[in-house]
Amino acid sequence: MIQGVEITVDREAVVVAAHEPLTVLSSAFVSGGFTAARAIVNLHVRKNIAEAETDGLLPRFVERREIRGPWVGLLTSAWTEKAVVAEADGFGLTALAVVTVGLSNRITAGVTPVGVWAPTTINSIVVVDGDPEPAALVNAAMTVTEVKTSLLASVDLASGTSTDAVVVAATGRGPRRRFGGPISDLGWVVARATRDALDVGIRRWIEEHR
């Protein structure tokens, strides 16, 4: 595990909490983009929830759980209690990945037509104990997506789901990293942790839905 970072997994949500603010890049439902956050919240909602019904869900959950802000929030219709956690180390870096996986609304990017909003299904959260430059965080988010797509392609399940989300966060400790692509040291640990977590989650979903 990464010092100062704690993960809570239960039926309501996955919560990644840090003692000190993390630098975060994400496509999160609440506070997406570049930001600083002490918590990343992945909240379970029912599959058919309308976007209009989601207002206030995350703030109320954060308040009830007394989660220290600032925070970044995601929604998922996947079962959060089945979240998979994996860790990878190397090159003086540690990456921690926690993913929730559901594949009922899988699509192929650029082929599947435009559709209505739905709660995110594959949510990938990766925390790196390192100090990447902003562009390296973007690289790392691309690396997470490459891993997800390659794993889905390997089992002939399109390129993703209709509303996947990714969060990449960093502690800011250690030497500055300029790159986060798949063959950089930062990208390598991100890819390994992500692959280990998503591989388990994807294969388990397939087994449960045969």
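The values are calculated or read from the model by the stated rules, or taken from the named source; none is laboratory data. As the structure is a prediction and not an experimental result, all values here were calculated from the model. Here the Cβ is made from the backbone with ideal geometry for all residues, glycine too, and neighbour counts use every protein chain on show. Each accessible area value is taken on the protein alone, full model and side chains, heavy atoms only, with ligands, DNA and RNA left out. Shrake-Rupley method; radii C 1.70, N 1.55, O 1.52, S 1.80 Å.
Every residue, every condition in (1) at pLDDT below 95; (2) open to solvent by less than 40 Å² (accessible area, probe 1.4 Å); (3) closer than 21 Å to Pro132 by Cβ; (4) assigned to a loop (DSSP other than H, G, I, E, B), yes or no:
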residue: Ile2; (1), (2), (3), (4): no, yes, yes, yes
residue: Ala18; (1), (2), (3), (4): no, yes, yes, no
residue: Pro21; (1), (2), (3), (4): no, no, yes, no
residue: Pro59; (1), (2), (3), (4): no, no, no, no
residue: Val62; (1), (2), (3), (4): no, yes, no, no
residue: Gly69; (1), (2), (3), (4): no, yes, no, yes
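The residue that is farthest from Thr143 (Cα to Cα), among those in the range 73-87 that are of a type outside the set (Phe, Trp, Tyr) and open to solvent by 10 Å² or more (accessible area, probe 1.4 Å), is Glu81. Here Ala28, Ala37 are screened, and the one residue that is open to solvent by less than 20 Å² (accessible area, probe 1.4 Å), within 23 Å of Val128 (Cβ to Cβ) and part of a strand (DSSP E or B) is Ala37. When the range 90-141 is filtered for residues that are among the aliphatic types (A, V, I, L, M) and either open to solvent by 50 Å² or more (accessible area, probe 1.4 Å) or touching a His at 6+ places or on another chain (Cβ under 8 Å) (or both), the ones remaining, listed by number, are Leu103, Ala109, Val111, Val114, Val116, Ala135, Val138. Within the range 152-190, take every residue that is of a type in the set (Val, Ile, Thr), part of a loop (DSSP other than H, G, I, E, B) and at pLDDT 95 or above and give me the one that is nearest to Val200 (Cα to Cα). So, considering only residues that are of a type in the set (Val, Ile, Thr), part of a loop (DSSP other than H, G, I, E, B) and at pLDDT 95 or above, the one nearest to Val200 (Cα to Cα) is Ile183.
Out of all the residues in the range 181-210, which are touching a helix residue (DSSP H, G or I) at 6+ places or on another chain (Cβ under 8 Å), buried (at least 19 other Cβ atoms within 10 Å of the Cβ) and more than 30 Å from Glu133 (Cα to Cα)? Across the range 181-210, the qualifying residue is only Ile202. Checking each residue in the range 1-31 for being in contact with a Leu (Cβ under 6 Å, 6 or more places away or on another chain) and β-branched (Val, Ile, Thr) picks out Ile2, Val30.
Selection of the range 167-180 for residues being of a type outside the set (S, T, N, Q) and either open to solvent by 20 Å² or more (accessible area, probe 1.4 Å) or touching a Phe, Trp or Tyr at 6+ places or on another chain (Cβ under 8 Å) (or both) yields Gly172, Arg173, Gly174, Pro175, Arg176, Arg177, Arg178, Phe179.
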